[in-house]
Amino acid sequence: MFIAIQRAVLHNGCMDLIMLGAGGHAHSILDALAGTQIDAFVVPAQDVTSASGLHRKVLEESRFLATHRTSARIANGIGQMTPRSARGQAFDRFRSAGFEFETIIHPSAVVSALATLGEGAQVLAGAIVGPGASVGANTVINSAAIIEHHCSIGANVHVGPGAVICGDTQIEDHCMIGAGSTIIQGLHVETGVQLGAGAVLVSDAHRDQILAGVPAKPLRVD
Ligand SMILES: CC(C)(COP(=O)(O)OP(=O)(O)OC[C@H]1O[C@@H](n2cnc3c(N)ncnc32)[C@H](O)[C@@H]1OP(=O)(O)O)[C@@H](O)C(=O)NCCC(=O)NCCS
């Protein structure tokens, strides 16, 4: 309900909607916004020229922060391939400057009425978030991923396309869960874990571990 109201306000032109980033993830977010108008794309100085070739109105980030009203809402179009990446840093920077982030659900995603999504969470095409699940701020549940019932997913997590997180699993902040991986029910994944594409996690994962394979094992100890 809250999200539907927000979209209506944005649609009526009462608030600007600003996209952070202009690359691949930004295009997935454009798709999820299903025609909602983006007022500007905001990128770092080094990306202004390439982004201007793709989009109509592109602004350099520091100029935007110095000049724009914080009533504008932000869609985070920056992707996340590793823990503690530019995506989370941008979220913190813009929150500190007083901006709020749009929570985005693709029209084809299914989010239980009994699930909760944090500010700026994104649930992309075909993904499912089950009853009793919670998804933290700025977390991406990518295309066709499944978050089963009563999972707790932290902030700044990326659950890759097609990953399956079985029920009652807890994933702490800043994790990267690879495409097509599976986490069996009830596990605890500590902060900063990277789980490789296609892995099957069958036991708890510890802080900052990188795991891959079936069953998943540590790739190396840093
Ligand atoms: C697991 C992962 C994080 C490791 O990345 P990395 O630390 O850069 O590792 P490297 O590419 O250096 O590979 C190290 C070794 O692990 C192997 N490996 C890497 N990823 C693997 C995976 N998913 N499954 C099995 N083995 C894997 C490599 O073949 C390599 O083996 P070798 O030492 O015998 O040659 C990464 O490969 C991965 O799977 N990321 C998820 C990508 C994804 O899902 N993206 C979604 C985008 S939307």
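Tabulated data for the structure shown
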| read-out | value |
| --- | --- |
| FRET efficiency, residue 55 to residue 110 (Cβ-Cβ, R0 35 Å, nearest 0.05) | 0.70 |
| Helix axis angle, 86-96 relative to the chain longest principal axis, alpha carbon, degrees | 50 degrees |
| Rel. contact order, % - alpha carbon contacts under 8 angstrom, at least six apart, region 103-213 | 16 percent |
| For the chain, Kirkwood radius (reciprocal of mean inverse C-alpha pair distance, Å) | 17.6 Å |
| 0 to 90° range, to nearest 10: angle between helix 2-11 axis and the chain longest Cα axis | 30 degrees |
| GNM flexibility winner over the chain from 24, 130, 198 (Cα, springs under 10 Å) | 24 |
| Spin-label model distance (nm) - residue 45 vs residue 69, 7 Å beyond Cα toward Cβ | 2.9 nm |
| Extension gain from residue 36 to residue 96, taking 0.36 nm per residue of separation minus the Cα-Cα distance | 19.0 nm |
| The chain: most fluctuating residue of 66, 34, 205 per GNM, C-alpha cutoff 10 Å | 66 |
| Cβ-based exposure ranking for 176, 19, in which fewest neighbours within 10 Å come first | 176, 19 |
| Region 166-192 versus region 44-101: alpha-carbon centroid distance in Å | 28 Å |
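Any read-out appearing in this document is the output of simple, stated calculations on the displayed coordinates, not a laboratory observation. Computed from a predicted structure; not experimentally measured. Methodologically, a virtual Cβ is constructed for each residue, glycine included, from the backbone with ideal geometry; neighbour enumeration extends over all protein chains shown.
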